[in-house]
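Reading through the structure tokens given below for one structure.
The values are calculated or read from the model by the stated rules, or taken from the named source; none is laboratory data. Values in this document were obtained by computation on a predicted structure and should not be read as measured data. Quick reminder, even Gly has a Cβ in these numbers, built from the backbone with ideal geometry, and neighbours come from all protein chains shown. Only protein heavy atoms, including side chains, enter the accessible area calculation; ligands, DNA and RNA are left aside. Shrake-Rupley method; radii C 1.70, N 1.55, O 1.52, S 1.80 Å.
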Protein chains: 2
Amino acid sequence: MPLSKSLNFEQPCPIRDVLDRIGDQWSLLVLHSLQGEPRRFNELLREIGDISKQMLSKTLKRLEQDGFVTRTLYAEVPPRVEYALTELGSSFLVPMQQLVDWAKANHGGIVEARQTYTPADNSWQQPR
Amino acid sequence: MPLSKSLNFEQPCPIRDVLDRIGDQWSLLVLHSLQGEPRRFNELLREIGDISKQMLSKTLKRLEQDGFVTRTLYAEVPPRVEYALTELGSSFLVPMQQLVDWAKANHGGIVEARQTYTPADNSWQQPR
DNA sequence: TTTTGATAGTCTATTTTGTAGACCTATGGC
DNA sequence: GCCATAGGTCTACAAAATAGACTATCAAAA
């Protein structure tokens with residue numbers, strides 16, 4: 001989580017900085033859901049399904065801070081809030097789509113690997 | 001973390017499954033470090049810098065399970081263990097590189113967004 | 001009139017994760 | 001004999017995520 005706990009005096013490494021942001025379990029999923037039209041808070045909650053309100057809230061706030069999404073509050077009752085991708089956010093979806101395509105193409109290989117996996121023999125570690 | 005807690009009877013969604021795997025704070029960094037030559041456990045530990053032994057161990061084990069890396073134990077003393085990318089792992093670096101390139105290109109925009117960000121006014125929420 | 005419902009969150013108690021650091025094996029060097 | 005090394009594991013503690021209650025406001029249902 002710290003962008004760099006270890007000897008880092010200059011600006012944070014861009015790669016590390018960005019990976020830390022998107023590599024947090026939910027951001028990618030949220031960005032993915034935001035594709036196309038803007039979404040409301042509860043819509044995202046339902047679409048993603050197994051995210052908690054708190055995490056969705058935090059994730060959106062961070063994405064907003066970092067300029068990936070905008071948050072628009074309509075002063076209605078009950079209140080309506082819409083989240084939409086910014087240009088930066090949209091541009092991010094391009095490389096991310098490559099990743100999603102890779103996932104689709106290689107999911108089978110992963111599942112197969114999981115099945116044929118046998119845990120390593122670390123007998124030199126465990127005195128028996 | 002669950003691949004799908006909510007109504008999911010069929011096979012897990014490939015996207016979700018893969019994103020869950022790589023979206024875990026360390027996997028991407030580890031794969032990135034593994035680029036080029038194989039690495040030993042402590043090399044990775046030093047290169048990444050702020051990962052704990054336990055998390056590196058867990059991450060590598062999962063990457064191995066999923067067929068992204070191989071683990072080779074040389075029966076020497078002290079023991080030597082080398083981690084290397086499989087073909088699957090290498091192929092994953094292609095889309096990931098796109099992402100890294102995006103990160104480099106857009107890091108400035110993100111930093112800028114962070115600076116100009118002002119927290120939302122949720123006064124309708126908080127009675128004062 | 002009181003109740004219910006909807007929205008977008010926040011707050012809190014509990015569970016899950018991650019961290020730091022001690023510890024384990026065997027051997028070689030001093 | 002004692003320390004160092006490599007690759008982990010184990011444990012006690014700290015940090016983070018979860019579920020569910022709770023907030024406000026107004027409209028419609030009962």
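Quick notes
- For chain A, the solvent-accessible area with a 1.4 angstrom probe is 56 square angstrom per residue.
- Couplings for segment B:92-100, taken from phi via the Karplus curve 6.51 cos²θ - 1.76 cosθ + 1.60 with θ = phi - 60°, read 5, 5, 5, x, 5, 5, 4, 5, 5 Hz in order; Gly and Pro are left as x.
- Extending 7 Å from the Cα toward the beta-carbon at both A:Thr72 and A:Val94 defines two label points whose distance is 2.4 nm.
- Accessible area of segment A:14-115 belonging to carbon and sulfur atoms, whole % at 1.4 Å probe: 50
- Residues in segment B:22-33 carry Karplus couplings, in order, of 8, x, 9, 6, 10, 3, 4, 5, 5, 4, 4, 5 Hz; the curve used is 6.51 cos²θ - 1.76 cosθ + 1.60 with θ = phi - 60°, and Gly or Pro positions show x.
- Sorted from shortest to longest, the distances between the A:Lys104 label points of this copy and the other copies are 2.8 nm, with each point 7 Å from Cα along the line through the beta carbon.
- Each 5 Å bin from zero holds the following percent of Cα-Cα pairs in chain A: 2, 8, 15, 16, 15, 12, 11, 8, 6, 3, 2, 1, 0, 0.
- Projected label points at B:Lys53 and A:Arg40, each 7 Å from Cα along the beta carbon direction, are separated by 5.3 nanometres.
- Summed over both chains, the accessible area lost when A and B associate is about 5200 Å², using a 1.4 Å probe.
- Of the residues A:Gln54, A:Gln25, A:Gln115, the one that moves most in a GNM of chain A with alpha-carbon contacts below 10 Å is A:Gln115.
- Neighbourhood net charge (11 Å Cβ-Cβ; Lys/Arg +1, Asp/Glu -1) for A:Ser57: +4
- Sorted from closest to farthest, the other copies place their A:Thr118 label points 6.5 nm away, with each point set 7 Å from Cα along Cα→Cβ.
- Label spacing, shortest first and in nm, from B:Gln54 to its equivalents in the remaining copies (7 angstrom along Cα→Cβ): 2.1
- Candidates A:Arg46, A:Arg114, A:Arg62: whichever shows maximal mean-square fluctuation once chain A is modelled as a Gaussian network with Cα springs under 10 Å: A:Arg114
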